[in-house]
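Everything on this sheet refers to the single structure shown next.
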Amino acid sequence: MTQRKLAWTLFAFLALAIGLYPLLYLSAGFRAAGFLSGKPAELQQNAVYLAIFYTHVFFGAIALLAGWSQFSEKFRFRHLQIHRRLGKAYVFSVLLSSVSGFTIAMFATGGLISILGFAALAVTWFFSNVKAYTSILNRNVQEHQTWMIRNYALTFAAVTLRIWLPFSQAVLHMDFILAYQIVAWMCWLPNLLIATLIINRKRLRLAAEV
């Protein structure tokens with residue numbers, strides 16, 4: 001297997017695995033011991049907060065599952081109608097998950113640093129989603145692809161968060177609050193940097209072909 005195929009396989013596996021992760025919330029045992037267990041009792045019992053939280057989690061998962069295959073050129077060319085339908089489902093899911101994500105960011109563990117990190121992620125995720133959608137409405141395919149690369153890099157924060165946080169605990173032995181504050185930014189800023197490198201490489205390749 002080539003390095004590129006290996007990277008693509010890992011990318012797809014992580015997107016699918018974390019995309020299916022919210023199904024665990026269907027288990028009462030996981031709900032009792034999972035993410036919500038670290039929240040204050042009043043939040044755990046607040047119906048509005050829970051509705052917003054589950055909206056963020058489940059529609060974020062749909063975005064992860066719907067989005068990864070959209071980057072396959074073969075898939076786009078062979079199944080254009082499916083690509084468009086998945087794209088609409090993706091845009092709608094990111095819209096709901098980013099707005100609800102901004103709301104629950106206000107209650108993030110770790111105080112102001114974590115709140116700002118996750119809120120900035122939500123705003124950037126929402127903005128890049130709108131830009132990707134409006135650019136394709138204007139039939140600007142290249143701009144659409146550029147914004148979608150950025151946007152899915154932010155969607156992928158759900159994956160990188162679940163890599164960075166255990167790493168900071170198990171390997172670096174960091175205090176949880178400090179680790180969470182750092183991860184609130186590390187889960188998405190490096191993703192955007194990688195997205196920028198991919199976009200620039202793609203632009204150079206297209207320029208060379210002209």
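Consider SER37 carefully, then state whether it is over 28 Å from MET106 (Cβ atoms), among the hydroxyl-bearing types (Ser, Thr, Tyr) and part of a helix (DSSP H, G or I).
It is false that SER37 is over 28 Å from MET106 (Cβ atoms), among the hydroxyl-bearing types (Ser, Thr, Tyr) and part of a helix (DSSP H, G or I).
Identify, please: which residue in the range 40-49 is among the hydrophobic types (A, V, I, L, M, F, W, C) and surrounded by fewer than 10 Cβ atoms within 10 Å (Cβ to Cβ) and is, among those, modelled with the highest pLDDT?
This residue is VAL48.
Go through the range 72-106 residue by residue and tally those that are over 21 Å from LEU154 (Cα atoms) and at pLDDT 95 or above.
So the count comes out to 0.
Check whether at least one residue in the range 157-176 is within 20 Å of SER128 (Cα to Cα), in a helix (DSSP H, G or I) and polar (S, T, N, Q), and report yes or no.
yes
Could you please find all residues in the range 21-39 being over 21 Å from ALA122 (Cα atoms) and either modelled with pLDDT of 85 or more or among the hydroxyl-bearing types (Ser, Thr, Tyr) (or both)?
Within the range 21-39, TYR25, SER27, SER37 meet the criteria.
On the basis of being over 30 Å from ILE177 (Cβ atoms), part of a helix (DSSP H, G or I), out of contact with any Ser or Thr (no Cβ under 8 Å at 6 or more places or on another chain) and not polar (S, T, N, Q), does LEU116 make the cut?
So LEU116 fails the test.
If you go through the range 61-114, how many residues are surrounded by fewer than 14 Cβ atoms within 10 Å (Cβ to Cβ), without any contact (Cβ under 8 Å) to a residue 40 or more places away in the chain and not hydrophobic (A, V, I, L, M, F, W, C)?
The first filter runs over the range 61-114 and keeps only residues surrounded by fewer than 14 Cβ atoms within 10 Å (Cβ to Cβ), leaving 73-74, 77-78, 80-82, 84-85, 88, 106, 111-112.
After this cut, where a residue has to be without any contact (Cβ under 8 Å) to a residue 40 or more places away in the chain as well, the list is 73-74, 77-78, 80-82, 84-85, 88, 106, 112.
Okay, now just the ones that are also not hydrophobic (A, V, I, L, M, F, W, C), so 73-74, 78, 81, 84-85, 88.
Total satisfying the criteria: 7.
Here is a check on your reading of the model: is PHE53 more than 12 Å from the chain's Cα centre (by Cα), surrounded by 19 or more Cβ atoms within 10 Å (Cβ to Cβ), over 26 Å from LYS5 (Cα atoms) and modelled with pLDDT under 95? Before you say what the answer is, go through the steps one by one.
On the way: more than 12 Å from the chain's Cα centre (by Cα): yes; surrounded by 19 or more Cβ atoms within 10 Å (Cβ to Cβ): yes; over 26 Å from LYS5 (Cα atoms): yes; modelled with pLDDT under 95: yes.
Taking the combined requirement at face value, the residue satisfies it.
Of all the residues that make up the range 90-109, how many are among the aliphatic types (A, V, I, L, M), farther than 13 Å from PHE127 by Cα and in a helix (DSSP H, G or I)? Walk me through how you get there before you give the answer.
Just the residues of the range 90-109 that are among the aliphatic types (A, V, I, L, M), to begin with: 91, 94-96, 99, 104-106, 108.
Next, only the ones that are farther than 13 Å from PHE127 by Cα stay: 104-106, 108.
Next, from what is left, pick out any that are in a helix (DSSP H, G or I): 104-105.
Looking only at that region, the number is 2.
I need the full set of residues from the range 56-78 which are more than 22 Å from the chain's Cα centre (by Cα) and among the aromatic types (Phe, Trp, Tyr), in order please.
Step one: list which residues in the range 56-78 are more than 22 Å from the chain's Cα centre (by Cα), which gives 74, 77-78.
Answer for the range 56-78, where residues must be more than 22 Å from the chain's Cα centre (by Cα) and among the aromatic types (Phe, Trp, Tyr): just PHE77.
Which of the residues spanning the range 115-146 are out of contact with any Asp or Glu (no Cβ under 9 Å at 6 or more places or on another chain), crowded, with 17+ Cβ neighbours inside 10 Å and hydrophobic (A, V, I, L, M, F, W, C)?
Of everything in the range 115-146, those that are out of contact with any Asp or Glu (no Cβ under 9 Å at 6 or more places or on another chain), crowded, with 17+ Cβ neighbours inside 10 Å and hydrophobic (A, V, I, L, M, F, W, C) turn out to be ILE115, PHE118, ALA119, LEU121, ALA122, TRP125, PHE126.
Quick check on the range 155-208: of everything there that is exposed (fewer than 14 other Cβ atoms within 10 Å of the Cβ) and among the charged types (D, E, K, R), which residue is nearest to PHE118 (Cα to Cα)?
Among those that are exposed (fewer than 14 other Cβ atoms within 10 Å of the Cβ) and among the charged types (D, E, K, R), it is ASP175.
Name the pairs whose Cβ atoms lie under 8 Å apart, with the first residue in the range 182-194 and in contact (Cβ under 8 Å) with a residue 12 or more places away in the chain and of a type outside the set (Ser, Thr, Tyr), the second surrounded by 20 or more Cβ atoms within 10 Å (Cβ to Cβ) and not in a helix (DSSP H, G or I), and 6 or more positions between them or separate chains?
Pairs found: ASN191/PHE156.
The values are calculated or read from the model by the stated rules, or taken from the named source; none is laboratory data. Predicted model, so just to flag it, every value in this text is computed and none were measured. So basically every Cβ, Gly included, is an ideal-geometry build from the backbone, and we count neighbours across all protein chains shown.
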